[in-house]
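Everything on this sheet refers to the single structure shown next.
The values are calculated or read from the model by the stated rules, or taken from the named source; none is laboratory data. Worth saying up front: this structure is predicted, and the values here are computed from it rather than measured. Don't worry about glycine lacking a Cβ; one is built from the backbone with ideal geometry, like all the others, and counts go over all protein chains shown.
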Amino acid sequence: MTGTRLHAPEPGWAIDADVVVVGSGVAGLTAALRCTAAGLRTVVVTKALLDDGSTRWAQGGIAAALGEGDTPEQHLDDTLVAGAGLCDERAVRTLVTEGPDAVRRLIETGAHFDTTSEGEIALTREGGHHRRRIAHAGGDATGAEISRALVEAIRDRGVHTVEHALVLDLLTDAAGRTAGVTLHVMDEGQHDGVGAVHAPAVVLATGGMGQIFSATTNPPVSTGDGVALALRAGAEVSDLEFVQFHPTVLFLGAGAEGQQPLVSEAVRGEGAHLVDADGVRFMLGQHELAELAPRDVVAKAITRRMREQDAEHMYLDARHFGAEMWERRFPTILAACRAHGIDPVTEPIPVAPAAHYASGGVRTDLYGRTTVPGLYACGEVACTGVHGANRLASNSLLEGLVFAERIAEDVVANGPHREGTPVPSAPPRVMPVLKPGLRPDLQRIMSANAGVLRSGESLRRAAAALEELSVDAVMDHLGRSSEPCTEAWEAANLLEVAGALVTAALAREETRGCHWREDRPERDDAAWRRHLIVSRDSHGLFAAHPTAGADFPSVTAEVSKEPQS
């Protein structure tokens, strides 16, 4: 291990593999399938059940230039616009050119997308897209179908899986290369029992960090575990300040906490209107695409209107769809709304922004390689440079597919690279045990001070409150007064990620994409058309370092080259 590690017992058991994939969404399972197909001993570690990650909750679909008249170049243009000047064009070009074939391979794996009467893939539009290029399944259950197909394929191929397992820290060998992970299998054995998977390649596909906010579309397992692990291991993370708040999340009351029901952007893509309490379409005149503007534009417009009218929410009006269209095209959303006493067929849906997607994460190159040799990242946990300052709708599932395939290509090309038994190269600093009940207090701090609306003052309040929380939450300055447990480890991860995010948001003194600084309301390309890389300094404090420009530099001289054939 290097850097910092969680306070935990030494592993009491171990599994040997060629590659361990942490996470079971579209990115993780795709990487696992490709590595398995190439003959590598692959282990998938996932925090809940195989199909319990964020992928299954994706409603809208997967974006790719599959329709007549559409091209990767047009998809690239829309992505670059949405990314507000911070997309790495090389990464975006990789995504949009390799995306269509990656979707076709997903179909070959067993995923069934909705089709037209002519048998072609049915395509819709979402915010920021100038063409219909969103493939969907089950109307609004795209993620569930993709998850079903990939999980079925994983089981059919007999891939070794470890469910209900919380990944803890990265293992390294004597040369400092990745050598596996430590993990805790929840509800089995000791309360604090720890094991390990020894492997020369580790693929982080752990999803997002939405649980650092009170209201989010992310499932409860999204506690930033992968980003926290990477930070402790000394890997670079980037763009954490760019957290996308989905504009249209079902409003369940001002005090609602935890995972909130999403109202897919595809509803607006099919013609729903955003209105205030008086029925006024306030997006008209705000952007050429009105309700289909990029998500940061819509979220900001909704928030502004709420502030102007002292309202807790706005409305999404799709009554003109009629019952038949609601039941055929959006059955999942219809059921969720009705479960909460709202019938979209006869009344507008109350909506408000909520934390949805982390555009930043563990910094990678075009083959998913991080700055730690042997450690890869893909999906929401990664920062490939594709999303820039704001993710274009439905690009996330595609990113998971494309870069997971590239990671598998690189792992297979390099082959298992072992330097011996995992041994600490230097005594790592051990993080003290934190109180398991930290999560609600941390979420309130982040939602109040680092949410859709931010300022230097609010972010400094957040930083001070997090520091106070970390001091109060330490059970003992040596971490000895209570045994470690799942809740305490998750609390440590949440605090780690929240601190890094606030550091980046405070450093970026401008408004760009989904980072909205009220005290710095303008975009400043001269000073800030670059990325912020966050790491801990020699004193254990977070620091943000700007890159030279909008394109990422190579991760390291060793891992910036193409895979060998």
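Some points to look at:
- No other residue among THR55, THR71 is of a type in the set (Val, Ile, Thr) and either surrounded by fewer than 22 Cβ atoms within 10 Å (Cβ to Cβ) or more than 17 Å from the chain's Cα centre (by Cα) (or both) apart from THR71.
- Condition check for PHE251: buried (at least 21 other Cβ atoms within 10 Å of the Cβ), touching a strand residue (DSSP E or B) at 6+ places or on another chain (Cβ under 9 Å) and within 22 Å of GLY513 (Cα to Cα): no
- Within segment 500-539, the set of residues being under 20 Å from LEU229 (Cα atoms) and over 18 Å from the mean Cα position of the chain (by Cα) comprises THR503, SER535, ARG536, ASP537, SER538, HIS539.
- Between LEU49, LEU95, the distinction of being surrounded by fewer than 23 Cβ atoms within 10 Å (Cβ to Cβ) and outside the structural domain of TRP516 (by TED's automatic domain parsing) belongs to LEU49 only.
- One residue stands out in segment 74-88 among those that are touching a residue at least 60 places away in the same chain (Cβ under 8 Å), not β-branched (Val, Ile, Thr) and not in a loop (DSSP other than H, G, I, E, B): the one that is surrounded by the most Cβ atoms within 10 Å (Cβ to Cβ), namely ALA82.
- Total residues in segment 422-456 satisfying the condition of being modelled with pLDDT under 75 and small (Gly, Ala, Ser): the figure is 2.
- Some residue of segment 275-290 being hydrophobic (A, V, I, L, M, F, W, C) and within 30 Å of ASP52 (Cβ to Cβ): no
- Among the residues of segment 6-23, not a single one is buried (at least 23 other Cβ atoms within 10 Å of the Cβ), within 18 Å of the chain's Cα centre (by Cα) and more than 17 Å from ALA199 (Cβ to Cβ).
- Unique match (being hydroxyl-bearing (Ser, Thr, Tyr) and either farther than 19 Å from SER396 by Cα or touching a Lys or Arg at 6+ places or on another chain (Cβ under 6 Å) (or both)) among THR30, THR36: THR36
- Test set (1) crowded, with 21+ Cβ neighbours inside 10 Å; (2) within 21 Å of GLN259 (Cβ to Cβ) - ALA63 fails condition number: (2)
- Exactly one residue among GLY322, GLY285 is surrounded by fewer than 21 Cβ atoms within 10 Å (Cβ to Cβ), part of a helix (DSSP H, G or I), free of Cβ contacts under 8 Å to residues at least 24 places away in the same chain and on the phi > 0 side of the Ramachandran plot, and that residue is GLY322.
- Test: residue in segment 148-171 that is under 19 Å from ARG391 (Cβ atoms), crowded, with 22+ Cβ neighbours inside 10 Å and either within 17 Å of the chain's Cα centre (by Cα) or not polar (S, T, N, Q) (or both): no
- All of GLN211, GLN259 fail the test of being among the polar types (S, T, N, Q), closer than 26 Å to ALA377 by Cβ, in contact (Cβ under 8 Å) with a residue 12 or more places away in the chain and not assigned by TED's automatic domain parsing to the domain that holds THR30, apart from GLN259.
- Number of the condition not met by PRO344 [criteria: (1) assigned to a helix (DSSP H, G or I); (2) more than 19 Å from VAL402 (Cα to Cα); (3) at pLDDT 95 or above]: (1)
- Residue check, ALA352 under 30 Å from GLU496 (Cα atoms), among the small types (Gly, Ala, Ser) and not in a loop (DSSP other than H, G, I, E, B): yes
- Yes/no for ALA84 being more than 28 Å from THR332 (Cβ to Cβ) and within 20 Å of the chain's Cα centre (by Cα): yes
- A count restricted to segment 138-191 and to residues that are of a type in the set (Gly, Ala, Ser) and assigned to a helix (DSSP H, G or I) stands at 5.
- The numbered conditions (1) in contact (Cβ under 8 Å) with a residue 24 or more places away in the chain; (2) buried (at least 21 other Cβ atoms within 10 Å of the Cβ) are all true for PRO220 except (2).
- Residues in segment 5-23 that are part of a loop (DSSP other than H, G, I, E, B) and at pLDDT below 95: HIS7, ALA8, PRO9, GLU10, PRO11, GLY12, TRP13.
For (1) in contact with a Cys (Cβ under 8 Å, 6 or more places away or on another chain); (2) closer than 27 Å to LEU40 by Cβ, each residue gets a yes or a no:
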| site | (1), (2) |
| --- | --- |
| PRO200 | no, yes |
| VAL203 | yes, yes |
| ALA215 | no, no |
| VAL221 | no, yes |
| ASP225 | no, yes |
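- Within the option set VAL402, VAL381, being at pLDDT 95 or above, farther than 27 Å from HIS198 by Cβ, crowded, with 16+ Cβ neighbours inside 10 Å and assigned by TED's automatic domain parsing to the domain that holds THR109 holds for one residue only, VAL402.
- Residue count for segment 30-47, restricted to those that are more than 18 Å from VAL412 (Cβ to Cβ) and part of a helix (DSSP H, G or I): 0.
- Here segment 106-131 is the region considered, the condition is being in a helix (DSSP H, G or I) and in contact (Cβ under 8 Å) with a residue 12 or more places away in the chain, and the residue that is farthest from ASP70 (Cα to Cα) is THR109.
- Of the candidates ALA102, ALA27, ALA91, the single residue that is modelled with pLDDT of 95 or more, part of a helix (DSSP H, G or I) and closer than 30 Å to VAL185 by Cα is ALA27.
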